[in-house]
Amino acid sequence: MRTRIDLAVKELEKKLLSRSLPAEEVQAFLSRMDRDYFSLYSPSEVADHIRIASRLDRDRPAALKIIPKGGRRFEITVVAFDYFSEFSILCGLLASFGFDIEAGNIHTFSDEAGAPPRGDPVQRTPRKIVDVFQTSLAEGETFDADRPQRLEEALVSLVRLLEQGRFNEARDQVNRRLIAYLSKAIASEGGLLQPLKVRFDNRSSGRWTLMDIHGKDTPGFLYAFSNALSLRGIYIHQVRIKNVGDEIQDRFSISDRRGRKILGEKEKKALRISAALIKQFTHFLVRSPDPTKAIAHFDQLLDKIIEEKESHSLVSFLKKRETLHLLARLFGASDFLWEDFLRIQFENLLPLLDQYKGKKLRIGKETLRRELRRALRGASRFEERKERLNAYKDRELFRIDMKHLLEPPRTLENFSQALTDLAEVVIEEASALCRAELAKQYGSPRLENGRPCSYAILGLGKLGGAELGYASDIELLFVYEGPGQTDGPEPIDNRFFFDKWAQQITRFITAKQEGIFHIDTRLRPHGKGGGLVNPLAPLTAYYSPAGEAAPFERQALIKLRWVADDETLGRKVEAHRDHFVYGGAPWDLKGALALRERQRNELVPKGKINVKYSAGGLLDIEYAVQYLQILHGHRHPALRTPHTVTALDQLRRLKIVDKRTATELYEAYFFLRALIDALRIVRGHA
């Protein structure tokens, strides 16, 4: 028995065929368009939609028509091939062109028998959409003559990306278009964090879940909300858009990826949380360095939150304006910071995010020691202590990185010193824990005369110079006083004990592959071919005018500085360094410059620029300062410092470098270091 709508469609078909429309196009359109469509449009409007749809092809997968409705109001009709995430892309595009969607109806061809769900790229016959929006042009926007053409060109470009499955690229383009509009709209809107009511209805439709949305309208709302659904893998089949004043009353007909209703309470809860929060988060993307990256990371965060049993406090925290502002800037800055973020447990993460503003960037070594020992309290097993030490290190690293990123007026030197303080405290504690663990089996190392054998850890490179940046290595040199034996139940030679100690420290302090706190011990006597730890006498013999140290090793020792364990022994090594490096022995400047040239040729790929290694890069400044330190340090003790900036200041004071050159080098040095940090944060290398 035919329904009234079927009879109406049949009558409509006759009228359309009389308008000289292609019979095949008319029949395909009428047979596959959703039934609600026919009660909303006149035969003339349907004929117009069919004409537009019939002209779609691979070169022109979308088309639009704009009809002025008086004043600043316009009806915008979009006809296109149907792809996943298309509705959110359309909403974002219209918003970016200044069109506020006040009402509308979204229609989609129904599936052919056995066809995949909506938006699936593998389809026998492309489905089509007809979306009709009632819009108003935002204040400050003008409807110039070329706007329709520019809008359609942008639409076609985006739909082509969707056709190719390049959904993230399409979202990225829309986000970037939308940011300028949102910046103006949000500035005029003021308070944006309004509650959103979401209700599910699985009874009224036999095919889809109806999702009713009620809340205050905000700039870009439909894009934000529909984008949230697409990020969760939800398919939008139909939408009824209705604004009453500044309140939205929208209905979405949705399904999961397989075309099934959303029935589970867990799935509904997840959808409520993510849709509402992503909708709010979208309005803070104007503060984000990379909006697409930020929203993708935020969506991954929501996945983790939804998995948590007690998610209420987490959701409440994320609803705060200051939290969303912070996360938009943080998540859009770097994939690497995001990985650091994920490494921190939620019970520690929320206080960190909530309290970071009240804590100084550099809190001092004594505070760090107290906090670390508090974190280690109650850990009885060695592996548990290792886990807790590294968890504390990761939290504090993330706090320092976050503070530096979100409060950029703070000096780079302060950032470096905060990282250096943390590194020294972590090394100090790791050394003590590893030594204590070894002492249980072997006892304490003693010299041949029976006295306790002292030992020390010295920093080199960026650690030695207190110039650590984001993702810097930690370069260490291990030394002990001299030969002897341990006094425990299983006595061993000191060299074996300290070799185990140094090895254990390098394993105890963990790091991701390219992250900060990767321990580097290559700057030691004989490099990789030498022992990991050295007695004092062979160490000083190696680093001497008659020793085997290469000229570049002499230069590298400029950065040597005591950082942990026995200070007396550490200062002895520093004093010997001063005698060796600054003793006035000839310095092969020509050979040093040749080595620098070799670095440029071997470490910088052809046609590329490396901020550190390329000509004019950071190393040219650092090496120039170091060359002058070696050449003049025997006459001027003030130049015997591991700190580049201090050395440059002294070179200027001593008039070895003129004031103008020193200022230019100083400014370039800090610019390049900041640039290297920025590049490492964004892409992991410079």
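No lab work stands behind these numbers, since they all come straight from the coordinates. Small disclaimer: the values here were computed from a predicted structure and weren't measured. We place every Cβ from the backbone using ideal geometry, glycine too, and count neighbours over all the protein chains shown.
Once you keep just the Cα pairs under 8 angstrom separated by 6 or more residues, what percentage relative contact order results for the chain?
Values: 1034 pairs, mean separation 54.8, N = 686.
8 percent.
Sorted from largest down, what three extents in whole angstroms do the Cα atoms of the range 443-565 have along their principal axes?
44, 37, 24
Tell me, R240, R385 in order of fewest to most beta-carbon neighbours within 10 Å?
On the way: R240 17, R385 20.
Ascending Cβ contact count within 10 Å gives the list R240, R385.
Thinking of the range 339-581 as a set of Cα atoms, what percent of all their pairs are more than 29 Å apart?
Working: 9377 of 29403 pairs.
Of all Cα-Cα distances in the range 339-581, 32 percent exceed 29 Å.
Sort largest first and round to whole Å: the equivalent ellipsoid semi-axes of the range 561-686, each the square root of five times a Cα gyration tensor eigenvalue. Mind showing how you got there, number by number?
Working: eigenvalues 147, 69, 55 Å².
Each semi-axis is √(5λ); the values are 27, 19, 17 Å.
Find out how many positive minus negative residues lie around F200, taking Lys and Arg as positive, Asp and Glu as negative, among other residues whose Cβ is under 12 Å from that of F200. Could you put the intermediate results ahead of the total?
Details: positive: K197, R199, R203, R251, K261, K268, K269, R272; negative: D201, D212, E265, E267.
Around F200, the charge tally is +4.
Please compute the Kirkwood hydrodynamic radius of the range 56-271 from all pairs of different C-alpha atoms, in Å with one decimal. Show your work: numbers first, answer last.
Details: mean 1/r = 0.0563 Å⁻¹.
Value: 17.8 Å, from the Cα pair sum.
Can you tell me the 0 to 90 degree angle between the C-alpha axis of helix 382-406 and the longest principal axis of the chain, rounded to 10?
Tilt of helix 382-406: around 70 degrees.
Calculate the tail of P(r) for the range 322-479: the fraction of all Cα-Cα distances greater than 24 Å, expressed in %. Don't jump to the answer; show the numbers that get you there.
On the way: 5128 of 12403 pairs.
Of all Cα-Cα pairs in the range 322-479, 41 percent lie more than 24 Å apart.
Within 10 Å of each residue's Cβ, count the other Cβ atoms and sort Y442, Y623, Y235 from fewest upward.
Values: Y442 20, Y623 16, Y235 23.
By the 10 Å Cβ count, ascending: Y623, Y442, Y235.
What are the ³J(HN,Hα) couplings of the range 37-54, residue after residue, when phi is run through the Karplus curve with 6.51, -1.76, 1.60 and θ = phi - 60°? Round to Hz, x for glycine and proline.
4, 6, 8, 10, 10, 6, x, 5, 5, 4, 4, 4, 5, 5, 4, 5, 4, 5
Below 8 Å between Cα atoms, with a sequence gap of 6+, how large is the relative contact order for the range 589-683 in percent? Walk me through the numbers on the way to the answer.
Values: 53 pairs, mean separation 21.1, N = 95.
After rounding, I find 22 percent.
Roughly how big is the chain's charge dipole about its Cα centre, with Cβ charges of +1 (Lys, Arg) and -1 (Asp, Glu), in debye to the nearest 20?
Details: 109 positive and 94 negative charges, 99 e Å.
The dipole of the chain has a size of about 480 debye.
Among G450, P525, F74, pick out the residue whose Cα is farthest towards the positive end of the charge dipole of the chain, where Lys and Arg carry +1 and Asp and Glu carry -1 on C-beta, about the Cα centre.
F74
Please work out the ratio of the alpha-carbon Rg of the chain to 2.2 N^0.38 Å and round it to two decimals. List each step's numbers first, then the result.
Numbers: Rg = 33.4 Å, N = 686, 2.2 N^0.38 = 26.3 Å.
Cα-based Rg divided by the globular estimate yields 1.27.
Can you pull out the trypsin sites (Lys or Arg not before Pro) in the range 255-290 whose DSSP state is coil and whose Cβ has at most 16 other Cβ atoms within 10 Å?
R257, R258, R260
Starting with the fewest neighbours, write out I400, I248, I179 ranked by other beta-carbon atoms found within 10 Å of each beta-carbon.
Details: I400 24, I248 21, I179 16.
Fewest-to-most Cβ neighbours within 10 Å comes out as I179, I248, I400.
Would you mind checking the tilt of helix 346-355 against the longest principal axis of the Cα atoms of the chain, expressed as 0 to 90 degrees and rounded to 10?
90
Sequence-distant or interchain residues sharing an amide H contact under 5 Å with K128, placed H: which?
Sorted by chain and number, the residues that satisfy this are D82, F109.
Could you state the angle between the C-alpha long axis of helix 659-683 and the longest principal axis of the C-alpha atoms of the chain, as a value from 0 to 90 degrees rounded to the nearest 10?
50
Is it possible to state the helix-based mean residue ellipticity at 222 nm for the chain, with each DSSP H run of 4+ residues giving -39500 (n - 2.57), the sum divided by total residues, to the nearest 500 deg cm²/dmol? What is it?
Values: 25 runs with 350 residues, N = 686.
It lands at -16500 deg cm²/dmol.
What percent do you get for the relative contact order of the range 339-581 when only Cα pairs under 8 Å and 6+ apart count? Show your work: numbers first, answer last.
Numbers: 364 pairs, mean separation 47.0, N = 243.
In percent, rounded to a whole number, it is 19.
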